[in-house]
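Scroll down for the structure; my scribbles are underneath it.
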Amino acid sequence: PVSFSQTSNRTEEELYYTFIGRLSKEKGVELFCQAITQTGVKGCVIGDGELYDSLKEKYPNILFTGWLKGSDKERYIQQTRVLILPSLLYETFGLTVAEVKSVGIPSIVAKESAAYELIEEGITGVSYSIGDLDSLCSAIRHVEDGTFRYNRDAIIASCQNINTQDTYAQQLIEVYK
């Protein structure tokens with residue numbers, strides 16, 4: 001089930017391309033940092049893990065918040081322009097993609113990831129080739145140059161088929177019956 005964000009008042013100032021997750025090699029956080037640095041956009045990393053200290057030192061141009069919960073996390077989500085899911089592995093669902101969609105935030109995800117199923121190319125997100133820095137930079141530039149124009153309301157509306165806590169429980173009960 002997806003717990004949709006409680007963020008209701010998005011700021012108009014969309015500052016960050018944001019990574020949310022565990023800071024480990026397989027999650028692609030370094031690929032994220034390289035792409036942010038190469039494209040010159042503002043980046044924010046929400047999370048903690050084995051790479052935290054080394055990445056924070058190596059990429060002083062990126063905001064590293066550590067692991068956040070609740071209203072602290074929501075504050076940075078309110079300032080997110082686009083979520084980037086740079087995992088180097090075939091991820092299963094992409095929970096953060098679904099969560100940020102609930103407040104109208106598009107995502108950049110690898111087309112080789114199951115999270116790609118959560119976006120409509122060019123409408124609720126943009127894809128890139130998994131593990132490919134040039135492809136990820138190209139996706140960011142696609143957002144920056146204005147050729148990817150997204151509509152918050154359309155992104156929020158696209159969440160109607162994602163399992164909320166209630167629909168998940170109802171469907172699970174049906175399976176058990």
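The values are calculated or read from the model by the stated rules, or taken from the named source; none is laboratory data. From a predicted model like this one, the values you see are computed outputs, not experimental measurements. Here the Cβ is made from the backbone with ideal geometry for all residues, glycine too, and neighbour counts use every protein chain on show. The accessibility values were calculated without ligands, DNA or RNA, using every heavy atom of the protein model including side chains. Shrake-Rupley method; radii C 1.70, N 1.55, O 1.52, S 1.80 Å.
No other residue among Q38, Q79, Q34 is out of contact with any Pro (no Cβ under 8 Å at 6 or more places or on another chain), closer than 16 Å to I105 by Cβ and surrounded by fewer than 19 Cβ atoms within 10 Å (Cβ to Cβ) apart from Q79.
On the stretch given as the stretch 51-75, residues that are assigned to a helix (DSSP H, G or I), under 18 Å from V100 (Cβ atoms), of a type outside the set (G, A, S) and open to solvent by less than 60 Å² (accessible area, probe 1.4 Å) total 2.
Within the stretch 96-133, how many residues turn out to be open to solvent by 10 Å² or more (accessible area, probe 1.4 Å), without any contact (Cβ under 8 Å) to a residue 24 or more places away in the chain and not in a helix (DSSP H, G or I)? Summing the residues that are open to solvent by 10 Å² or more (accessible area, probe 1.4 Å), without any contact (Cβ under 8 Å) to a residue 24 or more places away in the chain and not in a helix (DSSP H, G or I) in the stretch 96-133 gives 7.
With respect to the conditions (1) open to solvent by 90 Å² or more (accessible area, probe 1.4 Å); (2) assigned to a helix (DSSP H, G or I), V143 falls short on a single one, namely (1).
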